[in-house]
Structure formats: C-alpha cells, structure tokens
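What follows is a set of notes on a single structure, which appears directly below.
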Amino acid sequence: MSGARRVMMSRALLYVLTFIAPLCAVLVVLTTLRAMYDAYLPLPFMDQWAVLSIQDCIDQLFDQHNEHRIVVFRLLSMLDHLVSSGTYLVNFYASLAMQGVQAVTFAALVYWAGVRGRLNVIQAGAISLGYMFWGGQWENFLYSFQTQFFAVFLAGTLAFAAIAAVRGWAGVGAASLCAALAVGSMSNGVLVCILLPPLAVWLGRPRRETAVLAGVAAGLIALYLVGYQSPDPDLTPFAALLKPLTSLRYTLAYLGQPLEELLRVQIAAVQGHRHLIAIVMGGIGVGLGVFAGAVLVARPSFATPARLVLLHVIVFIAASAALTSLGRLTFGVGQALASRYLTPSLIFWLALTFLWWSLLPDRFRILAPASAVCALVLMAGYGRQVDEVVRAMRVARDGAATALLSNVRDDEEFAKIFLDPQVVAARADLLRRQRLALFATPWAGWVGTPLVAHAALRPASACLGAFEGAQPVADNAPGTAFRVTGWAWDPARAGAPEKILLVDAAGIIVGYGLTDGLRPDIVASIPPVTRQEVGWRGHVKIDRPTQVGAFILLDDGRSACPLGGSRLLGGPA
C-alpha cells in the first residue's frame with residue numbers, strides 16, 4: 001500500500017472515529033442519567049442506616065468503616081442533610097460532578113501529553129466522558145453511599161496532576177490537599193501519599209518542596225493509622241501475602257474486568273469463562289503498563305510531566321487492585337468482578353490508552369483511539385443490562401419504602417435493605433420525626449389525611465387498573481397491616497403511574513404503593529396497555545375493618561383516579 005493511500009485511509013478512519021465517539025458517549029451518559037432517575041428513592045440502604053442525621057456524621061466523622069476512613073462521604077452527608085433533608089441528592093450530584101471532572105482532567109492530560117488536533121481532542125473528550133459515565137459502574141452511580149469510590153480516584157488523579165502542572169508551593173499545597181481527600185475517602189488513598197514523593201523527584205521538583213510533600217504524605221498515613229483495627233483479625237495483609245497466586249489472580253481480574261463485562265453481555269459463551277477472560281485482559285493491561293513505564297525510564301526525553309501523571313495513575317490503580325486483593329481473598333476471585341470496581345479499572349484502561357496514544361509513532365497512533373472507540377460502542381449497547389439492574393433495585397427496596405411510609409412493620413421487606421430488620425424499624429422513627437430521607441418527600445406526610453386535601457378526584461375512566469390482592473403482615477397486630485398488590489395504567493401518559501395511594505371508606509389515606517412489577521399478562525389481555533411495567537405493590541395500615549380502595553396519582557400528583565376492585569380489609573377472613 002502506497003504512503004499516500006495509507007494516509008488517506010488513516011484520515012478517513014479518524015473522521016469515522018470522531019463521528020462515532022461523541023454519539024456513543026452521549027448515549028452512554030444519557031443511559032446512566034436515566035438509570036439514576038429511575039432508580040432514585042431516598043431510602044437508606046445497608047451501610048447508610050448508620051448515618052441518618054448530622055449528629056451521626058459528627059459522631060462518626062473520623063471513625064473507621066471496615067478498613068476505610070470515609071470522612072469525605074460523611075462531610076457530603078452532612079451537607080446533604082443541610083441542603084436536601086438527607087435525600088442523598090448532594091451525594092448523587094457530587095458523584096456526577098466528580099466523574100465529569102475526571103473526564104475533563106483526562107482529556108486535558110492527553111492533550112498535554114502531545115495528542116493535539118481538533119479531531120483528536122473531540123475523540124479524547126468523548127472517550128473520557130463515555131468511560132467515566134458507563135452504566136457498568138451502576139453500583140457506584142445508583143447507591144449514594146458509593147460516592148467515595150469516585151472521590152478517591154479523582155483525588156489521586158488531581159494530586160498527581162497538581163504536582164506535575166502547578167509550580168512552586170501552590171503545587172505542593174494542591175497535591176497535599178488532594179492526597180488528604182484521597183486518604184479521607186478510602187483506604188487506598190494512602191497509596192497516593194506513597195506515590196507523590198517519587199513523582200516529585202522524577203519531575204525534578206526542588207528538594208525542599210519534595211521534602212515537605214514527603215512529610216505531609218507521612219503525616220496523612222500516620223493519621224489514617226491512628227487507632228486502626230483490622231476489620232477481620234483472621235485476614236491481615238501479611239496472612240494474605242502467603243497466597244500470592246490467589247492475590248495475583250484477583251488483582252488481574254480486577255484490572256481486566258471492563259472488557260470481560262462488555263464481552264459477557266454480547267457473547268453467551270463468555271459467561272462460563274468470566275474469571276479467565278478478566279485475568280488474561282488484566283495481564284495484558286499490566287504488561288502494557290510495565291512496557292510504557294520502561295519506555296519512559298529508558299528514554300528520559302519521553303518522560304514528560306503529562307505522561308508521568310498518566311503512568312502514576314496506572315500504578316495507583318494497579319496498586320489499589322493489589323491492596324484490595326489482600327483484604328478480599330476470602331470472597332474469592334469472583335468478587336473482583338463487582339460493579340463498583342469497574343470505576344478504577346476503567347480509569348486504569350483510560351490512562352493506559354491515553355499514555356500509549358501519546359507514545360505510539362504517528363503511523364500506529366490511530367490504534368489507541370480506535371480500540372477505545374470500539375469499547376465505547378459496546379458500552380453504548382449496555383442499556384438493557386442497566387435497566388435490569390434498576391428493576392432489581394426497585395424490587396429490593398420499594399417494599400420497604402411503602403412499609404415505612406405506611407407505618408407498617410414488615411421485617412421480610414426490611415431485611416432487604418439492612419441485615420437486621422429491627423434496626424430499620426427502630427432507626428426509621430428518627431427519619432420520621434425529623435422528616436428526613438424518604439419522609440422529606442411531600443407525599444410522605446399524607447397518611448392519615450383526606451385524599452381530597454391533596455388531589456382532585458378524576459373519574460374512573462381516566463385510568464386503567466385494579467386492586468387485586470391483600471395479604472396480612474404478621475409483624476403487626478392482627479387485622480391492622482397488609483401487603484397489597486395490583487396494576488395500573490395512565491392512558492394520557494401511555495405509561496404506568498409511579499405512585500399509588502390506598503384510601504379507606506372515609507376517604508382517608510391509609511397506605512402507599514409503588515409501581516415496580518412486570519405484568520406481561522396485562523399487556524397480552526388489555527390492548528391499550530403497551531408496557532409490562534404496570535404491576536404495583538404497597539402496604540396498608542388500619543385500626544378497624546374498612547373498605548380500602550386504590551388510587552393512582554395523575555398530572556404530577558394534582559389529581560387522583562380510582563382503580564377497580566376495592567377490598568374489605570381487617571374484617572372476617
């Protein structure tokens with residue numbers, strides 16, 4: 001192939017990549033944002049039950065959580081209580097902002113590393129955005145408690161970038177602040193402190209600045225270790241080191257997870273070989289990282305500040321994977337494929353891709369963005385998996401939410417959101433009294449009040465649906481608490497209503513329901529209904545036998561429409 005023809009083909013490929021990358025990135029971002037909206041429910045989940053108020057945050061601010069010091073999360077939770085009544089909106093917006101900053105930082109780093117040109121800049125921005133917002137990281141995007149996963153890796157990237165890009169003591173101060181945020185986010189933040197001084201030396205920072213930076217790093221590590229206790233006395237890092245091969249497999253699987261996850265949803269045969277594929281891909285990534293590091297050592301002129309930052313991000317993520325393996329060996333290698341670990345492993349591959357993008361000769365440079373855009377195309381097709389996750393989350397949490405709103409004790413549902421249902425029942429009183437989290441929403445205070453005080457009544461012809469069943473809940477006085485089910489459809493919106501109200505014979509609201517179930521039978525038998533997501537379930541709390549009916553909220557809660565099939569509850573069986 002002639003040189004001119006090769007140049008033309010490379011140019012054409014460059015334009016194709018520049019067209020595809022932004023489209024895929026936008027689709028990835030929109031898919032994740034939609035999932036966050038659909039899954040949002042201001043209900044504490046698992047670890048969040050320990051931090052329900054500002055006082056909880058203050059009392060536990062520097063306390064150890066497993067092996068972490070989650071100071072940053074607790075500070076964000078305090079702000080969330082002040083700004084949004086503990087509804088976790090601050091945490092979610094912070095997560096989005098942090099991933100956005102991470103994407104912008106990487107796009108700037110690859111530009112600084114020498115990848116210039118308008119088309120390359122567009123590709124780099126799209127790749128960064130798509131990687132950082134891919135819905136495969138659903139655990140970190142959809143659970144507000146996971147904010148610190150985004151925080152620690154962003155703080156690490158910014159710490160390395162600050163010491164490389166900001167001159168003088170301002171750079172030392174900025175890097176030190178970012179290192180402190182990393183240590184205050186998760187335990188692997190101490191690795192940032194360990195890596196910063198060598199990076200400063202490699203960059204040729206003045207000795208005094210490097211010495212001060214090393215002193216600050218040592219101080220932060222010491223603060224982290226004050227009062228530290230091993231979460232599992234039987235599994236110390238030293239004991240884990242006795243199983244080096246298991247630790248290595250875990251580390252490589254952790255790093256190789258992104259491609260394994262992308263292939264798993266496209267190729268059924270991959271399902272039975274997940275660990276092997278992840279380990280192999282992790283090994284390839286480590287090999288490429290070691291090779292890139294060797295190039296920078298052997299060719300000092302190649303070791304520009306931006307490339308050194310990218311290399312240190314790669315080392316930070318790889319070391320984080322190894323550190324995680326030391327504390328998670330008892331869970332097996334499969335635990336390395338947890339969704340939350342996709343955040344660091346994606347950063348690992350993004351930094352690796354961008355580093356090689358800047359290092360490869362012009363003839364082969366297109367390979368780096370081409371491989372990243374191929375991955376981005378697969379990420380754009382991940383929407384169905386994200387939808388399934390959201391549906392599973394709603395099924396796990398909605399029952400507990402309607403029970404709490406209806407003041408029903410339902411330990412079976414409570415056990416889905418915390419290991420000890422008694423803790424949920426006891427601590428929910430604090431949320432109810434202070435109108436926090438779930439109880440901060442306007443409709444949470446409607447129970448015990450007339451329906452007509454909140455919504456105008458519409459004729460039954462304005463909606464479709466039925467109140468189909470009721471089952472007593474054993475954890476309450478006999479005949480007072482029930483789980484209820486049915487289906488509902490809003491013809492005006494051509495979709496299922498989100499909220500259901502249960503109303504007694506006097507028109508008083510006695511319970512709540514949420515739509516989260518699939519009902520293919522309804523779609524098959526009732527032509528106007530075109531979507532399966534029409535099943536609802538909820539709870540009712542009454543103090544005497546009464547006829548109970550179900551209403552759906554229409555027009556953004558301004559009106560209510562009755563469903564068919566009211567039932568006598570609390571009466572003779």
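Throughout, read-outs are computed from the coordinates displayed, never taken from laboratory work. Here the structure is a predicted model, which means the values were calculated and not measured. Virtual Cβ from ideal backbone geometry, glycine too; neighbours counted across all protein chains shown.
Couple of notes before you dig in:
- For the chain, a Kirkwood hydrodynamic radius built from all Cα pairs, placed in the Stokes-Einstein relation at 25 °C and 0.890 mPa s, yields a translational diffusion coefficient of 94 µm²/s.
- Database remark: amide H of Gly564 closer than 5 angstrom to the amide H of Gly465, Ala466, Phe467 (H placed geometrically; neighbours at sequence offset of 5 or more, or on other chains; Pro and chain starts carry no H).
- Structure-based [θ]222 nm, the chain - -39500 (n - 2.57) summed over DSSP H runs of at least 4, per residue, nearest 500: -18500 deg cm²/dmol
- Spread of Cα-to-Cα distances over 10 Å intervals beginning at zero, given as percent, for the stretch 447-573: 14, 47, 30, 9, 0
- For Lys541, the lysines whose Cα comes closer than 25 Å to its Cα, not counting residues fewer than 8 places off in the same chain, are Lys416, Lys499.
- Annotation for Ala211 and Leu457: the two label points, set 7 Å from Cα along the Cα-Cβ direction, are 8.3 nm apart.
- The listed peptides 510-522, 195-207, ordered by packing as a protection proxy, come out as 510-522, 195-207 (highest mean of other Cβ atoms within 10 Å first).
- Cβ-Cβ FRET estimate between Val395 and Val226, R0 fixed at 41 Å, reported to 0.05: 0.45
- For the peptides 285-292, 550-557, 148-155, residues were scored by their other Cβ atoms within 10 Å and the scores averaged per peptide; the highest-first order is 148-155, 550-557, 285-292.
- Among 460-466, 473-479, sorting by the average number of other beta carbon atoms lying within 10 angstrom of each residue, highest first, gives 460-466, 473-479.
- Estimated at 0.36 nm per residue, the fully extended path between Asp47 and Gln547 surpasses their Cα-Cα distance by 176.1 nm.
- Between Ala474 and Val201, residue separation times 0.36 nm minus the direct Cα-Cα distance comes to 91.6 nm.
- Here is the short version for the chain: Cys24, Cys57, Cys178, Cys193, Cys374 have no other Cys C-beta closer than 4.7 Å.
- Span-like helix ranges in the chain, DSSP H, alpha carbon extent 15 angstrom or more, Kyte mean at least 1.6: 147-165, 168-183, 190-202, 274-298, 367-380
- Contact order, relative form, for the stretch 448-500: 31 percent (alpha carbon pairs under 8 Å, 6 or more residues apart, mean separation divided by residue count).
- Net dipole in debye of the chain [+1 Lys, Arg Cβ; -1 Asp, Glu Cβ; about Cα centre; nearest 20]: 2000 debye
- Extension gain, Thr330 to Glu388: 0.36 nm times the residue separation minus the Cα-Cα distance gives 18.0 nm.
- Estimated FRET transfer efficiency (Lys243, Tyr15; beta-carbon r; R0 45 Å; 0.05): 0.35
- Each label point was placed 7 Å from the Cα along the Cα-to-Cβ direction; for Ile267 and Leu61 their separation is 5.2 nm.
- Using C-alpha pairs under 8 Å with a sequence gap of at least 6, the mean separation divided by the residue count of the stretch 480-573 gives a relative contact order of 32 percent.
- Given R0 = 51 Å, the distance between the Cβ atoms of Arg34 and Trp169 translates into a calculated FRET efficiency of 0.70.
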